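J.: Before we start, here is the structure in question, set down as structure tokens.
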Amino acid sequence: MGLVGNILNIITFTSLKIFRNNQCIFYVIVASIVDCGTLLIEFITRIQLNIYDYDLTSISLVWCKIRPMIFHTCMMISLTTVCFSSFDQYLSTSHYYRLRQMSSLKLSKRLTFINISFWIIYSIPFGIFYEITSVTGCTILNQGFKFYFSFVHLSILNGVIPLITASVFSILSYRNVRHIIRLQIPIIRRRLDRQLTAMVLIRVLYLFIVSIPFGLFFIYTLNTSNNANASLRIAVEQLITNITSTLYYLNYAGSFYLYCFSSNRFRRQINYLLFKKIWQKCYEKILFKTTAQRNQIVPISQISNFK
């Protein structure tokens, strides 16, 4: 469902004319593409482990190192893109003309390039410090990097900074858009700004809800010693891990459904795109092809001679 939703996001925002050349929509498209990568990486691992009882990360050292590099790169690009989208929406709805002028597609592309490049370089240590052990499988053995991963990467870079940044700019955007009628802006632009602000705000709110339980419990498990004899504690931790991780991965799978829930206008746009544009074009092509085959003139290979 997450993959389908992200694909529908990409199709919708690239097909409808009203969304083209919009900076905030550009960020949403980038986030949807990266979220597909996050879900695919996790999906492949889950299939191997739960269906085939085969964990490749505990067998292949190469995959043990590459998987966290790709996974954390996609995850951090997605979180940073959400922050950028909320910041851009604040700029585009600002009462000050200079701030509105700063919001441009050119700036969005530059920030996205910096965002992707930075997190690719940042993820290189994950490929260095992840190792395979007989007890815990693919994990971090270096204590210094484990401390950094727990309290800097998860707590600050993956938690505090994106949550605070996205929340602050989303609230400021919401405040701006409530008074946007005072600005000399066309009504179509006002409606679009209201729609995008609502979509960004619900996205940030959901990110805040699902990230905190997962981050706190992951830090706990990473810094707790494993005892094979404590079967009850292991079972309880496994249950909590499954619940919090499922909620957390919905962050990368639920953006399309959140947009549908938060915006009546987005639901109408989806209905128009899927049923009035895509389905109608497909139906017309099929009907035209069938009619053409039915009315096709077939040459006669042999012509009888009439006397």
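J.: Starting from residues that are assigned to a helix (DSSP H, G or I) and touching a helix residue (DSSP H, G or I) at 6+ places or on another chain (Cβ under 7 Å), keep the ones in segment 46-66 and report whichever is farthest from residue 120 (Cα to Cα).
T.: 48
J.: Further question on the same structure: Could you give every pair whose Cβ atoms fall below 7 Å, whose first residue belongs to segment 268-279 and is in a helix (DSSP H, G or I), and whose second residue is of a type in the set (Ser, Thr, Tyr) and open to solvent by less than 50 Å² (accessible area, probe 1.4 Å), counting only separations of at least 6 or pairs across chains?
T.: Pairs found: 269/12; 270/12; 273/12; 273/15.
Listed here are the residues, each with its yes/no results for (1) open to solvent by 30 Å² or more (accessible area, probe 1.4 Å); (2) touching a Leu at 6+ places or on another chain (Cβ under 6 Å); (3) modelled with pLDDT of 85 or more.
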site	(1), (2), (3)
77	no, no, yes
85	no, no, yes
94	no, no, no
97	yes, no, no
120	yes, no, yes
133	yes, no, no
168	yes, no, yes
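J.: Restricting the search to segment 1-58, which residues are open to solvent by 30 Å² or more (accessible area, probe 1.4 Å) and of a type in the set (Asp, Glu)?
T.: Hits for segment 1-58 are 53, 55.
J.: Next up: Are any of the residues in segment 276-297 surrounded by 12 or more Cβ atoms within 10 Å (Cβ to Cβ), modelled with pLDDT under 85 and out of contact with any Phe, Trp or Tyr (no Cβ under 7 Å at 6 or more places or on another chain)?
T.: The answer is yes, given that some residue of segment 276-297 is surrounded by 12 or more Cβ atoms within 10 Å (Cβ to Cβ), modelled with pLDDT under 85 and out of contact with any Phe, Trp or Tyr (no Cβ under 7 Å at 6 or more places or on another chain).
J.: Sort out which residues of segment 97-154 are basic (Lys, Arg) and within 19 Å of residue 65 (Cβ to Cβ), and write them in order of number.
T.: 146
J.: If residue 70 passes every condition in (1) within 21 Å of the chain's Cα centre (by Cα); (2) surrounded by fewer than 17 Cβ atoms within 10 Å (Cβ to Cβ) but one, which one does it miss?
T.: Going through (1) within 21 Å of the chain's Cα centre (by Cα); (2) surrounded by fewer than 17 Cβ atoms within 10 Å (Cβ to Cβ) one by one, residue 70 breaks only (2).
J.: So residue 212 ticks every box in (1) at pLDDT below 80; (2) among the aliphatic types (A, V, I, L, M); (3) within 30 Å of residue 141 (Cα to Cα) but one. Which box is left unticked?
T.: With (1) at pLDDT below 80; (2) among the aliphatic types (A, V, I, L, M); (3) within 30 Å of residue 141 (Cα to Cα) applied to residue 212, the lone miss is (1).
J.: Being more than 24 Å from the chain's Cα centre (by Cα), closer than 21 Å to residue 246 by Cα and aliphatic (A, V, I, L, M) narrows it down to one residue among 140, 51, 128; which is it?
T.: 51
J.: Find all pairs meeting these conditions: Cβ atoms under 6 angstrom apart; at least six residues apart or on different chains; first residue within segment 150-169 and touching a residue at least 24 places away in the same chain (Cβ under 8 Å) and among the hydrophobic types (A, V, I, L, M, F, W, C); second residue open to solvent by 20 Å² or more (accessible area, probe 1.4 Å) and in a helix (DSSP H, G or I).
T.: 154/219; 163/208; 169/87; 169/90
The values are calculated or read from the model by the stated rules, or taken from the named source; none is laboratory data. Since we're looking at a predicted model, the values are computed, not measured. Note: ideal-geometry Cβ built from the backbone for every residue, glycine included; neighbour counts use all protein chains shown. For the accessible areas, the whole protein counts, side chains as well, though only heavy atoms, and no ligand, DNA or RNA atoms are used. Shrake-Rupley method; radii C 1.70, N 1.55, O 1.52, S 1.80 Å.
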